[in-house]
Amino acid sequence: MKAKLAEAMAADFERDLARDGLSPEKIQTQIKRSKERITSAPLAILLCLDMSEMDSYPDEKRHKAEYRMAVQSVAAAGLQLLLAAHAEGLGGVWACWPLFAQETIQKTLNLSETWEPQGIFFVGYPEIIPALRERKSLDEITIFQ
């Protein structure tokens, strides 16, 4: 399934990169890297947004707010998933490429039209565990008033 998804998304990616004016060589390099990221990960988890059970509003302002709230909910759920994976000793990375190929992904994976792909997580055991970076102090990154 990952290989099928990688191939389908590659066609969209190639078209977009060509529109951006990249050389054929650079396009092929980026497509190869993209396919490898998808197919080499032990686990790929697709995160989707589904507005079908969200509240519906007649005005554009609240409609957009409801949609943003749903996007934030997907992101929050994704963060929790990454934290849970980390707690189990797994590594994970979030890629937002599905935003650029929603229809292709829906068709390839036979998803409901109401499921809007938002991101894909690649999860597995890390080959190398990097050293922890020094963090900024709380005083450097917050303002209390």
> Given T142, T114, which one is more than 28 Å from A8 (Cβ to Cβ) and either touching a residue at least 40 places away in the same chain (Cβ under 8 Å) or among the polar types (S, T, N, Q) (or both)?
Replying inline: T142
>> Please determine whether any residue of region 86-97 is under 19 Å from I120 (Cβ atoms) and in contact (Cβ under 8 Å) with a residue 60 or more places away in the chain.
In response: yes
> Hey, does region 1-13 have a residue that's at negative phi, touching a strand residue (DSSP E or B) at 6+ places or on another chain (Cβ under 7 Å) and either of a type in the set (A, V, I, L, M) or surrounded by 15 or more Cβ atoms within 10 Å (Cβ to Cβ) (or both)?
Replying inline: yes
> Considering only residues of region 86-98 that are touching a Phe, Trp or Tyr at 6+ places or on another chain (Cβ under 8 Å), surrounded by 15 or more Cβ atoms within 10 Å (Cβ to Cβ) and not in a strand (DSSP E or B), which is modelled with the lowest pLDDT?
Replying inline: W97
> How about region 99-117: which of its residues are closer than 18 Å to L43 by Cβ and assigned to a strand (DSSP E or B)?
Replying inline: P117
> All but one of (1) within 26 Å of E127 (Cβ to Cβ); (2) out of contact with any Ser or Thr (no Cβ under 8 Å at 6 or more places or on another chain); (3) surrounded by 14 or more Cβ atoms within 10 Å (Cβ to Cβ); (4) of a type in the set (G, A, S) hold for A101; which doesn't?
Replying inline: (1)
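The values are calculated or read from the model by the stated rules, or taken from the named source; none is laboratory data. As the structure is a prediction and not an experimental result, all values here were calculated from the model. A quick note on method: Cβ atoms are made from the backbone with ideal geometry, for glycine too, and the neighbour counts reach across all protein chains shown.
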